[in-house]
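The values are calculated or read from the model by the stated rules, or taken from the named source; none is laboratory data. Just so you know, these numbers come straight off a predicted model, no measurement behind them. Note that we place each Cβ from the backbone using ideal geometry, even for glycine, and neighbour counts take in every protein chain shown. Surface accessibility is based on the protein's heavy atoms, side chains included, excluding ligands, DNA and RNA. Shrake-Rupley method; radii C 1.70, N 1.55, O 1.52, S 1.80 Å.
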Amino acid sequence: MGRLKYDGTAAPITIDDATLAHLKIIIGTKLRRNESFLMTWVCGADAEDARTTIWVHPAIPLQFGFDTAVLPPIEPERVSSIMTALNATGELVLDDYLYTPTLGHS
């Protein structure tokens, strides 16, 4: 399980490495274009909130941490599908794209 750390103060979001590798491309593309967006996910059972939404902005620190040194293969159609949905709604709902229901908020 990889980790997405946002803003340096909140606990990291745990995401499987395959999904995180795809999200890294999508989030990086949006931020490189100076495009902010909402990101939402379901939190773990032990979290204070059942669902969390954050505003992703280029000025806020973001770190991707992977459990393995070799990144999983990237599926271009998966990147395209996620980016299309994000551009249509302005919100990246992470639980829509997980291979496994293990996304949580540690």
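For the condition over 16 Å from Val79 (Cβ atoms), open to solvent by less than 70 Å² (accessible area, probe 1.4 Å) and among the charged types (D, E, K, R), what is the one hit in Asp16, Asp46, Asp7? If you could, list the steps in order and put the result at the bottom.
On the way: Asp16 fails: over 16 Å from Val79 (Cβ atoms); Asp46 fails: open to solvent by less than 70 Å² (accessible area, probe 1.4 Å).
Exactly one of Asp16, Asp46, Asp7 is over 16 Å from Val79 (Cβ atoms), open to solvent by less than 70 Å² (accessible area, probe 1.4 Å) and among the charged types (D, E, K, R), namely Asp7.
Among the residues of the stretch 27-43, those that are open to solvent by 20 Å² or more (accessible area, probe 1.4 Å) and under 15 Å from Leu94 (Cβ atoms) comprise Leu38, Val42. Residue pairs whose Cβ atoms lie under 9 Å apart, separated by 6 or more positions or on different chains, with the first residue in the stretch 59-81 and farther than 19 Å from Arg33 by Cα and open to solvent by less than 70 Å² (accessible area, probe 1.4 Å) and the second aromatic (Phe, Trp, Tyr) and part of a loop (DSSP other than H, G, I, E, B), are Pro72/Phe66; Arg78/Tyr97.
Restricting the stretch 1-22 to residues that are part of a helix (DSSP H, G or I) and touching a Leu at 6+ places or on another chain (Cβ under 6 Å), the residue that is farthest from Thr89 (Cα to Cα) is Ala21.
Let's see how each residue does on (1) in contact with a Pro (Cβ under 8 Å, 6 or more places away or on another chain); (2) in a strand (DSSP E or B); (3) at pLDDT below 95:
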residue: Lys24; (1), (2), (3): no, no, no
residue: Thr29; (1), (2), (3): no, no, no
residue: Glu35; (1), (2), (3): no, no, no
residue: Leu38; (1), (2), (3): no, yes, no
residue: Trp41; (1), (2), (3): no, yes, yes
residue: Ala45; (1), (2), (3): no, no, yes
residue: Asp49; (1), (2), (3): no, no, yes
residue: Ile54; (1), (2), (3): no, yes, yes
residue: Ala59; (1), (2), (3): no, no, yes
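All of (1) touching a Phe, Trp or Tyr at 6+ places or on another chain (Cβ under 9 Å); (2) at positive phi; (3) of a type in the set (S, T, N, Q) hold for Asn34 with one exception: (1).
Would the stretch 92-105 turn up any residue that is free of Cβ contacts under 8 Å to residues at least 24 places away in the same chain, open to solvent by 20 Å² or more (accessible area, probe 1.4 Å) and not in a strand (DSSP E or B)?
Here is the first cut: in the stretch 92-105, the ones free of Cβ contacts under 8 Å to residues at least 24 places away in the same chain are 96, 101.
Of the ones still in play, those that are also open to solvent by 20 Å² or more (accessible area, probe 1.4 Å) are 96, 101.
From what is left, the residues that are not in a strand (DSSP E or B) are 96, 101.
Scanning the stretch 92-105 turns up at least one residue that is free of Cβ contacts under 8 Å to residues at least 24 places away in the same chain, open to solvent by 20 Å² or more (accessible area, probe 1.4 Å) and not in a strand (DSSP E or B).
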